[in-house]
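Notes for the one structure printed next.
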């Protein structure tokens, strides 16, 4: 779950920069840390506190937009990670299949010797 919080924090950070720009997003994160003691890296694990602060600061509609874009970014990142993992497992499956094919003839020979 910790990794999910990190990914969500990163996605929110990227979205904040896209929506507000570099300077304004840095200001928002600094104000958030001072006013509600919420650090940027904690945002993904304390999403309710972040949402409440952002609503107070920029309004409900803008906060919803930021969160929606962040979630889309997070889904894209998770899909990429899943595809990388899937490729890795595909490679392992292929290796096991090759190994099985190489061992299968010797297994047949063992059975015929034993019978």
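The angle separating the long axis of helix 47-58 from the principal Cα axis of greatest extent in the chain is about 30 degrees. Principal-axis analysis of the Cα atoms of the chain puts helix 2-20 at an angle of about 50° to the longest axis. Taking Rg and Dmax of the Cα atoms in Å as calculated from this structure, the corresponding entry among (i) 24.6, 80; (ii) 13.5, 41; (iii) 14.2, 44 is (i).
Each label point was placed 7 Å from the Cα along the Cα-to-Cβ direction; for residue 30 and residue 94 their separation is 5.1 nm. Nearest 10 degrees is fine. How inclined is helix 22-36 to the longest principal axis of the chain, computing both from alpha carbons? So the helix axis and the longest Cα principal axis differ by about 80 degrees. Ellipticity at 222 nm from helices only: DSSP H runs of n ≥ 4 in the chain, each -39500 (n - 2.57), divided by the residue count, give -31000 deg cm²/dmol.
Since every read-out is calculated from the coordinates, none of them should be taken as a lab result. This one's a predicted model, so the numbers in the text were calculated from it and none came from an experiment. Neighbour counts are summed over all protein chains in view; Cβ atoms, including those assigned to glycine, are modelled from backbone coordinates with ideal geometry.
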